[in-house]
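Working notes for the structure below.
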Amino acid sequence: MLQYHTIPVTAFQQNCSLVWCDQTMDATVIDPGGDLEQIGWEVERLGLKLKAIWLTHAHIDHAGGTRELADAQQLPIIGPHPGDQFWIEALPQQGAMFGFPHSEPFTPTRWLHDGDTVSIGQETLKVRHCPGHTPGHVVFHAPQIDRCFVGDVLFAGSIGRTDFPQGNHEQLISSIVQRLWPMGDQTVFIPGHGPESSFGRERKMNPYVSGT
């Protein structure tokens, strides 16, 4: 069965997630934005074998630790979608702007596209391209446990910002309605910040997308 553990990292309290197959204990880390020592402690505590890095998008609080972690442990970098290449190239400037430690750009081992799949151990997740917060944002859907790792597309009671370069509010709403809602009201999502919620709850209660 697929398991996960969420670790808030960086001053932005970004929800970095360890996701693993409990048959093999092979694991991936989604969005290692920083605090790599803390992530390493959790990998060791849980007895995991870290095999890859998966990225929802390339904002500094989600991707800032990627190059350092990949180089240190020789991990493949999976994602995001090519639309976020300009954000990857701008990681040093993002770090300086928001007071983060210096972060080097990188080249993903594999770019992701809508409809792709990613695997860890014996478990497979589905990839959906959900632009709007950034043009290359993707989410990772695990239907076998009714979970979705949505990055900054959707939050409990809110939605992702669209006032950054190449953000698009209409596109974000379309991504939520057309790509997330069909996963089912029962699906619990792990957002990039804040508590978990379900798609059903947000469809009813979230003022930005209620009734969609």
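The values are calculated or read from the model by the stated rules, or taken from the named source; none is laboratory data. Note that this is a predicted model, so its numbers are computed, not measured. Cβ: placed from backbone, ideal geometry, glycine included. Neighbour counts: every protein chain shown.
Overview of values
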| quantity | calculated |
| --- | --- |
| The stretch 78-114, residues that are part of a loop (DSSP other than H, G, I, E, B) and touching a strand residue (DSSP E or B) at 6+ places or on another chain (Cβ under 7 Å) | Gly79, Pro80, His81, Phe106, Pro108, Thr109, Leu112, His113, Asp114 |
| Candidates Gly99, Gly121, Gly115, Gly132 - the one that is loosely packed, with under 14 Cβ neighbours inside 10 Å, of a type in the set (Gly, Ala, Ser), modelled with pLDDT of 95 or more and at positive phi | Gly115 |
| Pairs with Cβ under 7 Å, 6+ apart, first in the stretch 37-48 and assigned to a loop (DSSP other than H, G, I, E, B) and modelled with pLDDT of 95 or more, second of a type in the set (A, V, I, L, M) and surrounded by 12 or more Cβ atoms within 10 Å (Cβ to Cβ) | Gly47/Met25; Leu48/Leu18; Leu48/Met25; Leu48/Ala27 |
